[in-house]
Amino acid sequence: MWLEKLHLTYFKSYEEGSFTFGERVNCLVGENGSGKTNLLDAIYFLALTKSAFQNQDALSIRHEADFFVLDGIFHQDEKRVQITCSLPRGQRKVMMSDKKAYDRFSDHIGRFPVVLIAPDDTDLVREGSELRRRFFDGVLSQLDPRYLEDFLQYNKILNQRNGLLKLFAERNYLDVDLLETYNDPLIALNLRLHAQRQAFMERFLPLFKKYYAFLSSEKESVAVIYESEVATDNFPAEFRTHRSRDLHAQRTVRGIHKDDYVFEIDGVVLKKFGSQGQQKSFVIALKLAQYELLAAEKETKPILLLDDIFDKLDDKRIHKLIELIDDGSLGQVFITDARPERSRRILESIKADVRFFPIGN
């Protein structure tokens with residue numbers, strides 16, 4: 001699977017742009033602020049129906065424009081598939097496959113798997129649990145449509161229950177029977193999503209440890225520990241006993257939305273004791289494990305987006321990534337770099353076809 005063509009209209013910094021990419025390595029070169037990362041984000045958006053960097057879709061519309069359109073041609077199973085995403089300002093986003101609109105965006109997610117490695121990935125280590133949950137939920141959503149459906153349904157019911165708790169607090173009133181109509185499906189989804197996350201971690205951890213060992217010559221042991229309040233023998237009863245806390249907080253205080261993934265190195269917390277180099281190796285290993293899982297599940301190599309890696313990684317880690325490109329482990333790759341001469345020097349020795357794309361303002 002690979003992306004052959006991409007056309008952008010009023011997307012972020014682009015008024016209009018058309019690109020024809022190569023099947024292996026595509027290097028986007030240009031000064032900082034020229035639009036390289038925005039181009040990667042357009043690919044990410046087209047594959048996953050959302051931006052990698054913005055929480056609100058409307059922020060991806062070019063300033064003073066009324067809409068954006070992304071149009072791409074993917075090669076998949078010896079067929080060419082046209083994927084189009086359009087968003088008029090103030091209206092609903094539309095995703096189309098071969099000019100036929102999707103009824104649900106979830107039907108598109110996972111069809112064209114993408115993995116992004118970006119400079120701010122170490123925020124997964126430094127920031128709070130929400131970012132780590134978002135990362136692993138994103139991986140699972142691409143891997144398994146059933147997980148995505150359950151996850152979307154969980155968030156829908158959770159928001160409804162939280163709204164009801166807030167209403168009860170405002171009116172100083174409680175309807176236990178009404179609250180219970182939300183408790184039953186929410187508890188069931190908690191148990192199902194927790195089981196899916198646990199099963200995923202059993203597959204993910206060996207791959208993650210393999211890639212960390214590949215990236216680092218240090219003899220360190222690394223771990224990702226999945227922590228969840230749902231991992232008890234009697235979660236349904238415990239969930240209900242927290243009703244008074246829920247009412248006081250005006251939100252649901254227990255559930256898989258409070259899960260965390262603890263990153264450790266040699267038995268200690270990576271955030272506190274890991275060096276900058278160890279943190280970078282850790283997050284790259286996370287992304288490469290994600291890549292291998294997606295490749296195995298989808299039976300196709302995902303598109304790999306490498307944003308500004310030559311500036312942010314040391315020579316050893318750059319060499320390891322180039323080694324994966326050169327030995328055929330990776331499929332189509334997009335690389336951004338502000339220094340064209342550096343990119344040409346680093347990529348000149350690899351056997352894969354490399355194409356350079358100067359990106360201007």
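The values are calculated or read from the model by the stated rules, or taken from the named source; none is laboratory data. Predicted model, so just to flag it, every value in this text is computed and none were measured. Note that each Cβ is placed from the backbone with ideal geometry, even for glycine, and that neighbours are counted across all protein chains shown. Accessible surface is based on the protein model in full, side chains and every heavy atom, while ligands, DNA and RNA are left aside. Shrake-Rupley method; radii C 1.70, N 1.55, O 1.52, S 1.80 Å.
Structure summary
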{"item": "Flag for residue 231 being over 17 Å from residue 162 (Cβ atoms) and either in a strand (DSSP E or B) or modelled with pLDDT of 95 or more (or both)", "result": "no"}
{"item": "Counted residues, segment 257-280 - those being under 15 Å from residue 216 (Cβ atoms), open to solvent by less than 30 Å² (accessible area, probe 1.4 Å) and not in a loop (DSSP other than H, G, I, E, B)", "result": "5"}
{"item": "In segment 229-242, the residues that are surrounded by 17 or more Cβ atoms within 10 Å (Cβ to Cβ) and in contact (Cβ under 8 Å) with a residue 40 or more places away in the chain", "result": "230, 235, 239"}
{"item": "Considering residues of segment 210-228 that are open to solvent by 50 Å² or more (accessible area, probe 1.4 Å) and outside any helix (DSSP H, G or I) only, the residue nearest to residue 125 (Cα to Cα)", "result": "225"}
{"item": "Single match in 183, 159, 190 (criterion: assigned to a helix (DSSP H, G or I) and without any contact (Cβ under 8 Å) to a residue 40 or more places away in the chain)", "result": "159"}
{"item": "Qualifying residues in segment 38-57 (those that are outside any helix (DSSP H, G or I) and of a type outside the set (Gly, Ala, Ser)) - the one most open to solvent (accessible area, probe 1.4 Å)", "result": "55"}
{"item": "Residue that is farther than 24 Å from residue 319 by Cα and under 27 Å from the mean Cα position of the chain (by Cα), where the choices are 214, 200, 239, 235", "result": "200"}
{"item": "Condition check for residue 255: within 23 Å of the chain's Cα centre (by Cα) and among the small types (Gly, Ala, Ser)", "result": "yes"}
{"item": "Qualifying residue in segment 91-109 (condition: out of contact with any strand residue (DSSP E or B) (no Cβ under 7 Å at 6 or more places or on another chain), closer than 22 Å to residue 202 by Cβ and of a type in the set (Gly, Ala, Ser))", "result": "no"}
{"item": "Residue among 112, 151, 168, 105 that is in contact (Cβ under 8 Å) with a residue 12 or more places away in the chain and within 30 Å of residue 317 (Cβ to Cβ)", "result": "112"}
{"item": "Scope segment 297-306; condition open to solvent by less than 10 Å² (accessible area, probe 1.4 Å) and either within 19 Å of residue 279 (Cβ to Cβ) or assigned to a helix (DSSP H, G or I) (or both); matching residues", "result": "306"}
{"item": "Which listed residue is touching a residue at least 60 places away in the same chain (Cβ under 8 Å), touching an Asp or Glu at 6+ places or on another chain (Cβ under 9 Å) and not in a strand (DSSP E or B), from 31, 23", "result": "23"}
{"item": "Hits in segment 175-191 (condition: in contact with a Lys or Arg (Cβ under 9 Å, 6 or more places away or on another chain) and either loosely packed, with under 14 Cβ neighbours inside 10 Å or within 14 Å of residue 141 (Cα to Cα) (or both))", "result": "176, 180"}
{"item": "Test result for residue 351, free of Cβ contacts under 8 Å to residues at least 40 places away in the same chain, over 24 Å from the mean Cα position of the chain (by Cα) and within 24 Å of residue 201 (Cβ to Cβ)", "result": "no"}
{"item": "Residue 207 vs. criteria touching a helix residue (DSSP H, G or I) at 6+ places or on another chain (Cβ under 9 Å) and either closer than 24 Å to residue 334 by Cβ or loosely packed, with under 14 Cβ neighbours inside 10 Å (or both)", "result": "yes"}
{"item": "Candidate set: segment 9-20, residues that are farther than 21 Å from residue 76 by Cα and in contact (Cβ under 8 Å) with a residue 24 or more places away in the chain; chosen: the one most open to solvent (accessible area, probe 1.4 Å)", "result": "15"}
